[in-house]
Structures are given as structure tokens and as C-alpha cells.
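Take a look at the structure set out below.
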Amino acid sequence: MELQGTAQHALWLMGLPLIASALCAFITRSVPLLSALVSWASTLTCLGISASILSERLDGNNPLSSKVWNWLHLSPNITHGISNLPVGILIDNLTSVMLTMVCFIALLIQIYSYSYISTEVKHFPTQGPTTVSRFFACLNLFIFAMMGLVLSVSTVQLYIFWELVGLCSYLLIGFWFFKTSAAVASRKAFVVTKFADLGFLLGVLCLGKATQTFLFPTMLTAHLEVSSHVLNLGLILLFCGAIGKSAQFPLHIWLPDAMEGPTPVSALIHAATMVAAGVYMVARMAPVFALADAHQAAMFVAWTGAITALVAGSLALVQNDIKKILAYSTVSQLGFMLTALGAGATNAGVFHLITHAFFKALLFLGSGAVIVACHSNDIWKMGGLKKALPATHISFLFGCLALSGIPPFAGFWSKDEILGGLTHQPLLLAILAFAALLTAFYVGRLYCVAFLGAYRGNEEENGPFGGPVPPANLPAPISPAKTIFEMQPFWSEERAAQDKRHLPAECLGALSEGMGHGHHEEAAPSPTPEESTTHLEGAERHHHQPHEVSPMMFVPLLILSLFAVFLGFAGLPGEHNLFAHFVFPKAEHEAANYALMAGSVVIALVGFGGAWSMFAARPEEGEARLHKLLGPMLPVLQQKYYLDHLWAKALAYCVYIDAKVLSRFDEKGVDGVVYGLGDMTYSAGELVRKEQNGQLQRYAMTIIIGFLLLIFAVLLFEPQFLWDHKAPLRAIEQMLRGSGGPQ
């Protein structure tokens, strides 16, 4: 159906952020407040258009509508029936919800960002007002790319904006470009996602050739007469893109490093844009994944998500950086969403995507407020923030409870709906239930260490957690001399980045060689002012007290807190699930499972309560108990299952092997041809040289042999030339005619 109502103006959803980005980059770059106002006005207008589209579709059962333009005309003989590459706009209920969510969260993040970035810029001597404008220019470009991705009408268009989202994430993660750690992190994110994007491109081409179309409306509504093997292969290749963009196992390694970007960037990437792109793509293709012939691809999605949820949840247990804990939490929750989508619980997966966007944006913006207040990312340099930051504490607590899945907060309803949709997959249900227990535990640990007890940021003598010296029975750090997979692990990457004085010389050597974590800079005796805040988003200051954030930073936290509390009621289980009836009305709706709901509540309370009992009163002793419980798994978790090491080794070996193959080809192939031509010329010259020896009888023999060979050739091809006396004259005459001479 053609676009109607406000949907006819959907192109402005891409045009306005792009115009705002250009204005901030070139026109208002010297006036940061004006750049902020331009960005706010652009995003607010986009939010109005998106909300209007959503409200119009809420009025009735509106079918899918689209506007398509032919971008490139192709030859059907070459493309096997595909005559053009289409671009356009696709509007349905899923699109309208995603557009509104992205614009709303982006607006709150932009309001928060002005105060945050203006504060952070003061800590870097080389930065000034243009840095703030540059930030808003990149932010608007990111919103433009995400808007284009959500509105895409074809897989080719989706791929174009998919790559633009990756480019924008590279620019924002490496926003503090003068820091080596930020440059390394942005490069790592870009390279890792490119591996996955190659599979995504192959999937687009595979499905396009098999279905003879790139258009979503045609692909999703038509009966696909495609073989099961081709369909599963195309969908799995397409999902490879989601493995990279949504940081699924084993390509999740880039997301924790992405914390090098400013905290508002982390909130945008982890809540509403980049990581949501992969989940949105799978949700968009959900009708195809639901086909009986695509069962293998759907199960591949489900199991990848389940493994990711478990792996990321376990890694979050031992993190000390507040943003890294939230980063691994994002990876784990994305695993929940994709497990639901792969197992057929489409509404549950998308609902968790929406609720997670709000409470995770709340947590990241709250962590930014905490970092500004404490001048540290390390939770062991916090403590006592419940009294020092009462407003931030309440909003952050709401986000923690929502993430833990404690009722009546939003995360409980969406996570419970996912578990309810997996009753026909008991093993997947068990894995996600255990991952939910881990989630509640590490969220409780984060809250207790950071907000309860006494403030630890002014301690001069810091232990291995950044706080006071822990009890004597705390497990000793891993020895740098201990080698695993021929690599030297160092026990605390966060501590290494913050203060290299606590590391032995061997660890500093490992850091300078880049053996452990791409996060670190090379050891330097006297860092420059720009690099003196390698890991922190603000200069380290001793003997200070945490302070509450400005109202411009707190208002977004307050608004997001309301959504973290009340948004879940839109997805009440059973017939009252308004969200499910709107987004995917034709999907099967699970009845309310009160026994499973009670079990979900018990899991959340046990996890959060266990963390409270261990960390609320004496956090250092609780950390020691946790390390003791983990036992031999502690170094494995601290080194992130050595996946960074293994990927680095694999990449190094691949580059080495490729280099050897190319070297052999250059040596034997290219050089062989060149040297071979020279040898042939030399050999021919040697052969001719031997004939020029000064012996007249040999010259006469050569002339006689040549004459006899000439006679033999004439007899073979023109015998009449020898006995016809006029033949030579005719030959001369023909030669003269051919050359235009006298007749």
C-alpha cells in the first residue's frame, strides 16, 4: 500500500539529521550551544513525525505500506531475472515503534550530552568549543544512518545503511582520537564488524538470487519457492551481520572496548542504535525465519543468542569498570532477544529490545553521572554514592532493578515473556534462566559496591580493586610469568589502564606489545596532558567529594526512570499484551504462565539478594568470597575466556600464512616470469653466439642447409613455382599490384 498520512513525510526522518550534521560540522562549529540547539530541534522534529506515524497506526489495523524508487537498472540476462536495485521507505507497526524509540532516546541523550561533553572537554587542553560541535555532528550522522536502516525497503538499502552505522560507530568510539586507547578501540570495532558484514553481504546476494527480489514487502508476503538448503544458507549468512553488529559470540569482543567513547555514545550504541540494528534485522526477517524450511537457520540464531547470554553474563561477574559491566550486560541481553527471535517468540524478543533500550540508556547515562561525580570508572573507587548523589542513585537503582528482572519494573515483563516463549525448548530455557540469575547477581554487585558503604575514592593506598587495601585472604593476582596459550595474562586490565605503577615490569612489557587488551597505551615515563586520562573520562582528582550532576543531565535520567518503571505494563502477558497485538498481531500469543513468572521472580531475587548479602556490608570481603567461589575459573573470566588472545593469534597466523603464500607467488610467479624471459633471451643469444665462430666451411654448410629447406618448403606448399617459368614473373607482378606500383 502507498504511504498515507504523516508517513508521506518519512523522508524527513533521514533528511533532518543529515542536515543537522552538516550544519554542526561546517556552520555552527565554533558555537557549541547553537550546535546543540540545531541537534535538539532536528531530533525533536523527527520524534514528532515518528510519534505521529505511530499514533496513526495505533488507530487501526494498518497494513504494510511502502514507497519504492528504482535506484539502478540491471540487465536481467546478467542478474538472472532481477531487473533493478530498489530503494525507498517501508512503514509498518514494527518500523513505527522503532522510529519512535530511537528518536526519543536520541533526544534525551543529546540533551544530556551538551552538559556532559562540555564538562569533559575542559579536561583536555587541546580540545575546545569545536569539539562539542564535532560530537553533535557525529551524533546526528549516526541518527541519520539508523533512521535509514529502520526505514529500508530492501535488503540492499539495509546493507548500505548498515555500513553507515558501522562508520558512525567508528567515529564516535574514537571520538577522543588523541588517546591511543580510543583509536585502538574504534579500529577494533570497525575491523571485527567488517568480518561479519562480509557474511551479511553474501546473505543479501544469496537471498536476492534465490527469491528474485530484494524488496522486503515481496520477500515477506510471497510464498518463497526456494530450496531449504539455499534458504537456510542465506539466512545464516544474513545473521552473520547481526553477530557482528549486535556483538554476539564469538564476535562480541569489540563491544567492551567501545567504552572508550564518551558515555553518551555508549548509551546510544548500547541502547537504541548500533547493537539494536542486528536484532531489528532478524525481527524484520522473522516471517522468513518462521518458515518450516528455515528451521535450521532459526535454531542457529537461538543457540547463538543463548551461548552469548551465558558467556557475557559470566564475564560481567569479575569486571571492575562500571561501563564494562554494563557493556557485558548489553551483550547478554542481546543474546536473550535473539534467542527469543530464533525460537519463534518474536513479540517477546522485540518487546525486550524496546524495554532494554530505555533502562540501558538510563544505566549508561547514570554511569556517566557517576563518572563525572567520582572522576573514575572503577567501582572500587566509588562507594557511598547513595548519600552523595541521591537523585542519580534513585534513577540508577530503578535501572538496576529493571535489568535484574524484579517486578514491577520493565525488564521483568519483557524477560519473563522471553522465558515463557521458550517452554517448548527446555534446554534454551534453562540456559537463559541461569543467565538471568547471573544478571541479577552482577547488577547487585555493581549497585552495592558503587552506592553503598563509605566513599573510597580518596584513599591514597589502593588495593587491587582500586579501593582500600583488601583483606589478607584475598586471592593473589595472577603472576605475569604464568603463560596460557603462549601469552602472558595480567590479572587486571582495568587497573593496568588506570595506574601502571601497580604493574610489574613484565606486565608493562606485555602492554607495550599489545598482548592483552587493545585498551591500553604503551608505557611512557611522562604521558602528555591529552593522554593523562587514558582510561577515565575526566582527570583524576584526589581528596574530593562526589557531587550531584547538573539538571540538564538529571532530567533525561528522570524521564528514562519513568519508562524503566512503567513501560513493562504495555506487555502484560496474555490477552492484555498491547505491545504484542500491535507489533506482530498475526503471531501466536503465549498465555500467561504464572508458575514460570513466579520462578522468574525467585531467580531475580536470589541473584540480587545473594549479591546484597556478599557486598552490601563489606564489599572487599565479598569480592574475596566471590573469587574463592570462582576458583580456577577466575583467571579465565578475568581474561575473557582468552577470546581476545585467540582472535589475535588467529589473525596473526592468517596474516602470516597469507604473507607466505603471496611471497611464494611473488617469488615463483611474478619474479619467475621476469627471470624466465631474461634466461630465454640469454640462452638464445648463447646459441647464436656459438654459430659465429669464424669457420667458413661451417657458414657454407649453413647456407646449403637453409637453401635445401627453402626448396623443400616451396615443393610442399607451391610446387608449380619450380617448373613454371612464368611463376616468378606472376609473383613479382602480384607484389607490385599489392604495393600500388606501376602496372
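The values are calculated or read from the model by the stated rules, or taken from the named source; none is laboratory data. All values derive from a computational prediction rather than experimental measurement. Methodologically, a virtual Cβ is constructed for each residue, glycine included, from the backbone with ideal geometry; neighbour enumeration extends over all protein chains shown. These accessible areas exclude ligands, DNA and RNA; they are computed on the full protein's heavy atoms, side chains included. Shrake-Rupley method; radii C 1.70, N 1.55, O 1.52, S 1.80 Å.
Here are the numbers for this structure:
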quantity	calculated
Residue in segment 202-223 that is under 20 Å from PRO86 (Cα atoms), in contact with a Cys (Cβ under 6 Å, 6 or more places away or on another chain) and either β-branched (Val, Ile, Thr) or crowded, with 17+ Cβ neighbours inside 10 Å (or both) present	no
For LEU389: the one exception among (1) touching a residue at least 60 places away in the same chain (Cβ under 8 Å); (2) closer than 15 Å to ALA440 by Cα; (3) over 24 Å from the mean Cα position of the chain (by Cα)	(2)
Near pairs, Cβ below 8 angstrom, 6+ apart or cross-chain, from segment 275-286 (open to solvent by less than 10 Å² (accessible area, probe 1.4 Å)) to any residue that is hydroxyl-bearing (Ser, Thr, Tyr) and outside any helix (DSSP H, G or I)	VAL275/SER246; ALA276/SER246; ALA277/SER246; GLY278/SER246; VAL279/SER246
Qualifying position, being open to solvent by 10 Å² or more (accessible area, probe 1.4 Å) and small (Gly, Ala, Ser), among ALA410, ALA391	ALA391
Selected residue (only one of PRO585, PRO556 is of a type outside the set (S, T, N, Q), closer than 22 Å to PHE351 by Cα, modelled with pLDDT of 75 or more and within 31 Å of the chain's Cα centre (by Cα))	PRO556
Number of the exception - TYR682 against (1) among the aromatic types (Phe, Trp, Tyr); (2) open to solvent by 70 Å² or more (accessible area, probe 1.4 Å); (3) touching a residue at least 40 places away in the same chain (Cβ under 8 Å)	(3)
Qualifying positions in segment 239-269 - open to solvent by 10 Å² or more (accessible area, probe 1.4 Å) and touching a Gly at 6+ places or on another chain (Cβ under 7 Å)	CYS240, LEU251
Any chance ILE117 is over 22 Å from the mean Cα position of the chain (by Cα), open to solvent by less than 10 Å² (accessible area, probe 1.4 Å) and within 19 Å of ALA361 (Cβ to Cβ)	yes
Residue match in segment 636-644 (condition: acidic (Asp, Glu) and under 33 Å from the mean Cα position of the chain (by Cα))	yes
Pair list, Cβ < 9 Å and 6+ apart or interchain, from segment 426-450 residues that are over 16 Å from ARG625 (Cβ atoms) to residues that are of a type in the set (Asp, Glu) and modelled with pLDDT under 95	none
Residue check, ILE236 open to solvent by 10 Å² or more (accessible area, probe 1.4 Å), within 14 Å of THR193 (Cα to Cα), of a type in the set (Val, Ile, Thr) and part of a helix (DSSP H, G or I)	no
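Yes/no per residue for (1) surrounded by fewer than 24 Cβ atoms within 10 Å (Cβ to Cβ); (2) in contact with an Asp or Glu (Cβ under 6 Å, 6 or more places away or on another chain):
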| position | (1), (2) |
| --- | --- |
| PHE124 | yes, yes |
| PHE136 | no, no |
| PHE142 | no, no |
| MET146 | no, no |
| VAL156 | yes, no |
